[in-house]
1. Can you tell me, using C-alpha contacts under 8 Å and at least 6 residues apart, the relative contact order of segment 212-351 as a whole percent?
2. Find the Rg to Rh ratio for the chain, where Rh is the Kirkwood radius over alpha-carbon pairs and Rg uses the same atoms.
3. Remind me, relative contact order of the chain in percent, using alpha carbon pairs under 8 angstrom and six or more residues apart?
4. Per DSSP H run of n ≥ 4, the term is -39500 (n - 2.57); total these for the chain, divide by its residue number, and report the mean residue ellipticity at 222 nm rounded to 500 deg cm²/dmol.
5. Let me make sure I get this right: for segment 313-393, a, b and c are the square roots of the gyration tensor eigenvalues over alpha carbons, sorted descending. Under 1.5 in a/c it's rounded, otherwise prolate if a/b > b/c, else oblate. Which is it?
6. Less than 13 Å apart at the alpha-carbon level, and either on another chain or at least 8 residues along: which aspartates and glutamates does that give for Lys125?
7. Per the Kirkwood definition applied to all pairs of different Cα atoms, how many angstroms is the hydrodynamic radius of segment 212-351?
8. Using 26 Å as the Cα-Cα cut-off, could you pick out the over-long pairs in Lys259/Lys298; Lys65/Lys117; Lys124/Lys369; Lys65/Lys368?
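Computed from the coordinates by the stated procedures, all read-outs in this text should not be read as laboratory data. The structure presented is a predicted model; accordingly, all values stated were derived computationally and were not measured. Heads up, the Cβs are rebuilt from the backbone with ideal geometry, glycines too, and the neighbour counts pull from every protein chain shown.
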Amino acid sequence: MLSEMPGDRLLQVVYDAEQIESPFIRIPESAALLDVVMRAPVRLLRRARGASSIPAPGGLNDAIKVSGDGLRARVWRSLRAAADIAPVRLPRSFIDEIRRFEPEAIYTLLGNVRMMKLAIALSKKLDIPIVPHFMDDWGGTLYPNGELGGLARRSVERSFDRVIARSPDLVCIGERMAEEYQDRFDRRAFVAAFGAEEAVTSEFTASARAPRTLVYAGGLHLGREAVLRWAATALKNTGWHLEVYSPSPGVSHPNITYKTKVPVADIPTVLAAADALLFVESLDPAIADYTRLSVSTKTAQYVVANRPTVLVGPARQASIELLERSLPSRTSFASLDGQSAASLSTFLAEASRRDIPSRPLPAEFAAKKMRAGLEEALSISIADWRERAGEKG
């Protein structure tokens, strides 16, 4: 979304500098001293466990409510929380290097306490606004499992309030989130999401070929893999086969083929070649609390592909609502029962026999509009901050 911003206007402050072309500054390790202190004992624990990394329990993240997990999972969760909420310290040389760039705003996705503390510290030192871009409702759900006796959740709330206090305006991933956040935080909220460059959608021509391919593109996390396995089982012996394009393979299934080596840039072509598409949001209530306002990065690509589409997810989930009103041929399921399985087969059999003409891409999915919205949010936030400073002066 910042691809058209001139390089001399963008300075990235990052931990990992791989694949970054614009000017950047690395966040020094000394900014979070607890990380340095904990590195040796955590390495020993990893070796004792026989693992090189510590994934979140069950593939979930720390904004998901879980129950019934064991002691080991609770220990790792507490360690992650302790590292996240620990104090941060920004060296003077680091601040001075950023100050030489003469920034006017801090644009950030945040996502955890450490990123909030870094943004707050930079905002105070440089006297510039924070422009937070929210992709999920993590601020309302992060650390819901009593991590560190509730201290982690209280730290989220304190830091979040401080971020909002230094954010004249907000940026949200979708309209639903923007509407709710405007009311919740008494801030103007702009919408900026991942759009498509195409001006028109693809054309779908019905075909009698067999077998036919139902394609899913996206992650397997947050309960999505269970939905894929349900769909593949429901379509067994119907002439439909599920192809899954994901960074990593899931559990083997006779009616699923996993494609893990496809470049992200090729996904629109893959979607446009499918007989039908599958879009999934988790039906787990605990996960839905976290994702209900989120809009998937794939929504614009699904709309451009213009194929018959099966939507699985809660009826009030933002991505599901958006695709419901944007796709000419779709069906939705909010449960994975036998009736849904029968309806899935019926929809695919009927929809795949009807042509879908090309049409202009709906304006809300245009990448150019999304970039313009983000630019507007940045400009207005800077102006609002300066006006606020003038009133104080």
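1. Details: 233 pairs, mean separation 33.6, N = 140.
Over segment 212-351, the number comes to 24 percent.
2. Radius of gyration relative to Kirkwood radius: 0.99.
3. Value for the chain: 17 percent.
4. On the way: 14 runs with 162 residues, N = 393.
Value at 222 nm, helices only, nearest 500: -12500 deg cm²/dmol.
5. Because a/c hits 1.5 or more and a/b fails to exceed b/c, segment 313-393 counts as oblate.
6. Those aspartates and glutamates meeting the cut-off are Asp96, Glu97, Glu102, Glu104.
7. Details: mean 1/r = 0.0672 Å⁻¹.
This gives a value of 14.9 Å.
8. Over 26 Å apart, Cα to Cα: Lys124/Lys369; Lys65/Lys368.
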